1. Once you have the Cα-Cα distance between Asp146 and Val164, take 0.36 nm times their residue separation minus that, and quote the gain in nm to one decimal.
2. May I ask you to evaluate 6.51 cos²θ - 1.76 cosθ + 1.60, the Karplus curve with θ = phi - 60°, for each residue of the stretch 164-176 and list the ³J(HN,Hα) values in order in whole Hz, giving x for glycine and proline?
3. Output wanted: per-residue J couplings in Hz (rounded whole) for the stretch 186-198, from phi through Karplus 6.51 cos²θ - 1.76 cosθ + 1.60, θ = phi - 60°, x for Gly and Pro.
4. Quick one: which residues, 5 or more positions from Leu149 or on another chain, have an amide H under 5 Å from its amide H? H modelled 1.01 Å from N in the peptide plane, none for Pro or chain starts.
5. Could you pull out which residues in the stretch 85-102 have an amide N less than 19 Å from a spot 7 Å beyond the Cα of Ala203, following the Cα-Cβ vector?
6. For an R0 of 41 angstrom, estimate the FRET efficiency from the Cβ-Cβ distance between Ala73 and Ser52 and round to the nearest 0.05.
7. So how do 191-199, 161-169 stack up, highest first, on mean other-Cβ count within 10 Å?
8. Between helix 132-146 and the chain, what is the angle of the helix's C-alpha long axis to the longest principal axis, kept within 0 to 90° and rounded to the nearest 10?
Amino acid sequence: MARTSGPETREKLIRAAEELFAAQGVDGAQLRDVVALAGQANPSAVQYHFGSRAGLLDAVMAGRQTRTEQVLAPLLDGAGEDLRQLVAALVTAEASELRTDRGRRCLRISAQLSHESGIRTRIPHPTLAGTGYWRLIERIADRLADGGLPEPLLLERLDLALTVVGAAMADRARQYLDGAEPLTDEPLFLADLVETTTALLRAAQPRSV
């Protein structure tokens, strides 16, 4: 067997993790299976290259974030401060991952981590710190604050909206990976997701109970 360099081995482990984390769950997949799928003989390969399961998962998400950032950057410049336009930029950037099997797997993984972004505390997960994605989230939060939502409700609603987007994208990705026929074509699916998410965010503040 030909020897591979450290970066090549890391990439093989990341690719294997994407496949197994998407299919079996972030917590359900066994690291030994990741190592085997990556073609590595050393059972401690994940620990050696990433330190832990969490380190491997961060590497998977960092690669996914890099791809999304490339799509999001020009969208942010043209989004303005309108809430619907900001949501459309978010959905468009996320939808770029539907183009490849790798991206589809990462969407399925992301949906499992939707409450770990740091939105509820306004402290981004390290993989999101300083990203265009996080700046977009802050801009959406500002629009909600302009509408008079108190901070706790604002953060809870924003977290819910992003969970909805993540779950919808993950389900669409699953259908593509499984070869299933979606109910709607992709442009309609994305347009409806933008409208639905915007409506959720714009919902009237509940009366005191």
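Values in this text are rule-based calculations from the coordinates and carry no lab data. Keep in mind that what you see is a predicted model, and the values were worked out from it rather than measured. Cβ coordinates were reconstructed from backbone atoms using ideal geometry, including for glycine residues, and neighbour counts include every protein chain displayed.
1. Numbers: separation 18, 0.36 × 18 = 6.48 nm, distance 2.24 nm.
Taking Asp146 through Val164 to full extension adds about 4.2 nm, to one decimal.
2. Ordered by residue, 3J(HN,Hα) equals 4, 4, x, 5, 5, 5, 5, 5, 5, 4, 4, 4, 5 Hz.
3. Ordered by residue, 3J(HN,Hα) equals 5, x, 5, 4, 5, 4, 5, 5, 4, 5, 5, 5, 4 Hz.
4. So Leu149 has HN proximity to no qualifying residue.
5. 87-88
6. Working: r = 31 Å, r/R0 = 0.75.
Given R0 = 41 Å and the Cβ-Cβ separation, E is 0.85.
7. Numbers: 191-199: 16.8, 161-169: 19.7.
In descending order of packing, they fall as 161-169, 191-199.
8. Helix 132-146 and the main axis of the chain meet at about 20 degrees.
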